[in-house]
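Throughout, read-outs are computed from the coordinates displayed, never taken from laboratory work. Remember, predicted model here, so these are calculated numbers, not experimental data. Cβ: placed from backbone, ideal geometry, glycine included. Neighbour counts: every protein chain shown.
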Amino acid sequence: MSEELLFANALKSSKAFNLIKNDFSLGLGNAYLIISQDDEAVQSFFRLIGCAVFCEQHHSACLECDTCLQVLHYNHPDIKFFNVEKTAIKADNMRAYLDESRKKSFSGNLLIFIERLDLTSERVMNFLLKSLEEPPKGVSFFIGTANENGVLETIKSRCRKVYLDIFPDDVILEELKALNVPDETAEIAVACADGQLGKARRIALSEDYAKSYNLVVELLTKMKKSADIVFMSNIFDRNDKKNESNVEVLNIMSILLRDVMVYKNNPSELRDGPIKEDIKKIAESFSASAAEHCILAVNEAKRKLYSPACNPQAIADSLLFSILEAKHTWR
């Protein structure tokens, strides 16, 4: 299998890919809306579709023939990849994309892939709408969006909606192992990835994420009295002006507390490994009800962090007091 395409095995086995592949025998539709918050997986998914359409091995997406390699290297003449930077598309750029869609293809099929349309203004989206209303012959548009509500209803009505899979933990784990991610790192990434391949990969490759994870585990296991708050209140990075890493800390906390609730109700639902051992340690001082109330406190802290005039230190202190109170109230 070619190493040029991330998550190849998982994506080839996905419901989303096989749904589109079923259209090959009847002819591809004019437009597909690919819906997923996993930008990295969508980018690979688009290239996989391109390989499958033109593969020399009759749509197998072998990823090894000359045609597949052309697609993987972004130089197939009948495939256009647009907005790979994943930014708001400007009017001139959208016009250029649509000009490309009207050019004669070499094979009779022309694939237009556009990433993250939801970042674009309604005015510019309307340019695309005109092409979807009267699609050029043999042209198929594949439009990626992380936010379905961010795309014009008139565009959505002219597209076939395809939701990229939420992948099982074991599938994500296999993909990370194929990338030579160490087992313990992969376990953490899988637990925190919410079924997203790209998110799992980013977590696995981030040293900062591992540090944040370990910090949260330490906090949830060792904070037992109010005096401990002084030593634990450094959970937020005061230099993080956008609070992106601070929100990530809260996401990790929410995931671990969620797994505590699962463990309390049915320990067998958590896969054996380093994550389960961490959950068992945390669960020693949390009831399921305490974990549930702490998740509510975490969500409230996250909401406050998004406020322009927020005080991260005050939010951290308030959250830790809330966690401590929940632990003692809901024993």
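What to note about this one:
- Spin-label pair S121-N266: with each label point 7 Å from Cα along the Cα-Cβ axis, the two points sit 5.1 nm from one another.
- Value of D in µm² per second that Stokes-Einstein yields for segment 274-319, Kirkwood Rh from Cα pairs, at 20 °C (1.002 mPa s): 177
- Cα-projected label distance for R258 with Y163, points at 7 Å along beta-carbon direction, nm: 1.5
- Cα-based helix-to-principal-axis angle, 207-222 vs the chain, degrees rounded to 10: 30
- Long pairs among K224/K264; K86/K137; K80/K137; K80/K103; K199/K242, criterion Cα-Cα beyond 21 Å: K86/K137
- Cα gyration tensor, segment 146-251 - rounded (a/c under 1.5), prolate or oblate: oblate
- For the chain, the longest principal axis of the C-alpha atoms and the axis of helix 274-283 are separated by about 40°.
- Distance between the modelled labels on C310 and S107, one decimal in nanometres: 4.6 nm (7 Å Cα→Cβ projection).
- Reciprocal mean inverse distance between Cα atoms of segment 1-56 - Kirkwood radius, Å: 11.9
- Relative to the longest principal axis of the Cα atoms of the chain, the long axis of helix 244-265 makes an angle of roughly 70 degrees.
- With contacts taken as Cα pairs under 8 Å at a separation of at least 6 residues, the chain carries a relative contact order of 15 percent.
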